[in-house]
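Student: Shown below is the structure under consideration.
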2 protein chains.
Amino acid sequence: MKTLAEKDTPGEENVYGELTGHIRRVTGIEEDEARTFAVMFREKNIRKRQFVVQPDFPVPHRYYVKKGALRSYVVTEDGQEHTIAFAIEDWWITDYNAYLYRQNATMFVTALEDSVVMQLDYESEQKLKDLNPAFDRFFRIAAERGLAYQQRRVIANLTLSAEQRYLQFVRQYPALVQRVPQYALASFLGMTTEYLSKLRKKAVSADK
Amino acid sequence: MKTLAEKDTPGEENVYGELTGHIRRVTGIEEDEARTFAVMFREKNIRKRQFVVQPDFPVPHRYYVKKGALRSYVVTEDGQEHTIAFAIEDWWITDYNAYLYRQNATMFVTALEDSVVMQLDYESEQKLKDLNPAFDRFFRIAAERGLAYQQRRVIANLTLSAEQRYLQFVRQYPALVQRVPQYALASFLGMTTEYLSKLRKKAVSADK
DNA sequence: GAATTTAGTTGAACCAGTTCAACTAAATTT
DNA sequence: AAATTTAGTTGAACTGGTTCAACTAAATTC
C-alpha cells in the first residue's frame, strides 16, 4: 500500500489512467497487463464526511485515491479521535489490519472532501495474485513501502518533540498541510488541537 | 518480515529446521521448495553486544533469529537510545528502510545475548523471488505482517498512556519482558528507564 | 574475588504538553 | 442572510512523564 512517504509522479489521463500508470511505475509491467489489473477495480464517488469503513463492520476493500482526500482514524473510549493515515491522489487507504486479516474494522475511513476512489475487493485481489506473479510483486512492494513508512513514523514519535514532528511534517508534506483540517493533523501528529494552534502561531511569528 | 505480533509455533529440528518450518508455515509450500529457500541463508553466531548493523554502513542482510535475542535502536544527537524492535527465536530483524532501499543504516542492530541467526543477503533474496513466485509471496506476507504490526504500534503510541503501553506489552509478550533489559524496554515503549522503574514498582505492589 | 563497569532505583524539582473554559471565525444549513 | 454547527484560538491551571543527582545491585573484567 502506498503511503504518505512514497508518492509517485502523476500518470496519464485515460479512464484507468492514474491506476494503470501507478501500477506500471511500481511493477514495470506492460500497458495491457496493467489494464488487467485496473479492470478489477470499481470507481466510486464519496461525498465529504461519508464513511467507507466503520468499526465493527467487515472491510471488503482497499482504496486507491483518484481524486480528493480521505482520512482514517480510531476513536478511544473517552471519545478522542486519533488520525492514523491521510490519503490524497495516488495514495492508498483502508484499515489494513482488518482488510488483510479479514476482521471487522477498528477504524473509520472517511472523506475529507468529495472524492473519487478506485476500490479493490479482497477476493479480486487474491484472483489477481493467482493470475500473475507480477501482481503479487506489486502488493509486496506496496506493503514494504507501507512498512518502511510506518517504521519511520514510529521513530519520529519516539525521537521528536511535538514541535519537531509538526515542522518535519510541514517540510515533508507541504501540500497536505494546506488540505487537511487542523484537528485531524494534530491528532495525526499526536498532540491536541490547542497545542498545534499554539505551535503554528509561534512558527508563523518566527518566520516573519 | 515477522514481527513481535505474529510469532509462529516452533518447527522441527534438522539443520535448516526452524527456517524451512517457518517458510512452510507462512507460504504452505513443499519441503523441497522450502529447502531451496533455506540453502540461500548463512548461519552466523553473534556474541552478546556485537553489532550486525551500524549507522552509515550498508545493510546487506536481513536476519532470521534461530537462537537468542537481538535489538535494533536509533541514537539521537543528544545521545539517547530508542529501541525500534526486538527479535527472538523465529522472528526477523534488520534496518528495513536501509535494507529494502539499499541505503546506509540509520540504526544499530545488536545482540542482547549470544545468538545464532540465519542471514539472507539482498541479492539472494532477489534471486529467490525471480526463481519462484512463492518466495515473492513469502516476502509479501512478511511485509504485510510487519506493516499491520507497525500500524498497531503507532495506534498504541497515539492512544495509550505510558502505563497502559507497559501493561499491554507485558500482557502480549510476557516471555520477552523477562528477557530484555529494562532500559531497552523503556525506550521501546517510549518512556525513560526511571519512569518504567516506578511503574513496575507500582504494578508489583498492586498485584500483591 | 576485588575492582570496575553496567543496569536499575528512588526522590525532588521541573516542564512539555493537556485540560478546561470562554471566545472568535468560518463553513454549512435553513 | 440569519441561524446553527463545526473548526480554530487564547489563556490559566494542571499533570504525566522527564531530568538530574545520588545511590544500590548486579554483571563483567582483571
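The values are calculated or read from the model by the stated rules, or taken from the named source; none is laboratory data. All values derive from a computational prediction rather than experimental measurement. When we count neighbours, we look across all protein chains shown, and the Cβ atoms used for this are built from the backbone with ideal geometry, even at glycine. The accessibility values were calculated without ligands, DNA or RNA, using every heavy atom of the protein model including side chains. Shrake-Rupley method; radii C 1.70, N 1.55, O 1.52, S 1.80 Å.
Student: So, by mean Cβ neighbours within 10 angstrom, what's the order for A:130-142, B:50-62 with the highest one leading?
Tutor: A:130-142, B:50-62
Student: Using Cα positions and a limit of under 16 Å, work out the aspartates and glutamates in reach of B:Lys44, with same-chain residues fewer than 8 apart set aside.
Tutor: Answer for B:Lys44, where 16 Å is the Cα cut-off: B:Glu18, B:Glu89, B:Asp90, B:Glu113, B:Asp114, B:Asp121, listed by chain and number.
Student: Can you tell me how region A:58-140 classifies by the Cα gyration tensor, rounded, prolate or oblate, using a/c under 1.5 as the rounded cut?
Tutor: Oblate, because a/c is 1.5 or more while a/b does not exceed b/c.
Student: Report the residue, chosen from B:Ala87, B:Ala38, B:Ala156, that carries the largest GNM mean-square fluctuation when chain B is represented by alpha-carbon nodes joined by springs under 10 Å.
Tutor: Answer for the Gaussian network model of chain B: B:Ala156.
Student: Specify whether the C-alpha gyration tensor of region B:83-197 places it in the rounded, prolate or oblate class, a ≥ b ≥ c being the square roots of the eigenvalues: rounded for a/c under 1.5, otherwise prolate if a/b is larger than b/c and oblate if not.
Tutor: Judged from the Cα gyration tensor, region B:83-197 comes out prolate (a/c at least 1.5, a/b above b/c).
Student: At 1.4 Å probe size, with the rest of the protein present, what percent of the exposed accessible area of the protein assembly as shown is carbon and sulfur atoms?
Tutor: Carbon-and-sulfur percentage of accessible area, whole number: 51.
Student: If you don't mind, there's one more thing I want to ask. Please state the shape class of the protein assembly as shown: rounded when a/c is under 1.5, otherwise prolate if a/b exceeds b/c and oblate if not, all from the C-alpha gyration tensor.
Tutor: Oblate, since a/c reaches 1.5 and b/c is not below a/b.
Student: Same structure again: Hey, got the average number of other protein chain Cβ atoms within 10 angstrom for residues in A:128-136?
Tutor: Taking all residues of A:128-136 together, the mean is 3.
Student: Using a probe radius of 1.4 Å on protein heavy atoms only, what is the accessible area buried between chains B and A, both sides summed, to the nearest 100 Å²?
Tutor: 3200 Å²
Student: To continue, here is another question. In Å², and per residue, what accessible area does the protein assembly as shown have when probed at 1.4 Å with the other protein chains present?
Tutor: 46 Å²
Student: A follow-up question, please. Which value in deg cm²/dmol, rounded to the nearest 500, describes the helix-derived mean residue ellipticity at 222 nm for chain B, given -39,500 (n - 2.57) per DSSP H run of n ≥ 4 and division by the residue count?
Tutor: Helices in chain B give a 222 nm mean residue ellipticity of -14500 deg cm²/dmol.
Student: Summarise the partner chain shielding of A:74-86 as one whole number: the mean count of Cβ atoms from other chains within 10 Å of each residue's Cβ.
Tutor: If you average over the peptide's residues, the count of other-chain Cβ atoms is 2.
Student: Suppose you put the label 7 Å out from Cα in the Cβ direction; list, shortest first and in nm with one decimal, how far B:Lys48 is from each other copy's label.
Tutor: Shortest to longest, the spacings are 6.1 nm.
Student: Okay, moving on. Where the only charges are on Cβ atoms (+1 Lys, Arg; -1 Asp, Glu), what is the dipole of region A:4-159 about its Cα centre, to the nearest 20 debye?
Tutor: It works out to roughly 180 debye.
Student: OK, next. Would you look at the GNM of chain B, springs on alpha carbons closer than 10 Å, and say which of B:Arg171, B:Arg47, B:Arg153 moves the most?
Tutor: B:Arg171
Student: Take peptide B:30-39, look around each residue's Cβ out to 10 angstrom, count Cβ atoms belonging to other protein chains, and average those counts.
Tutor: 0
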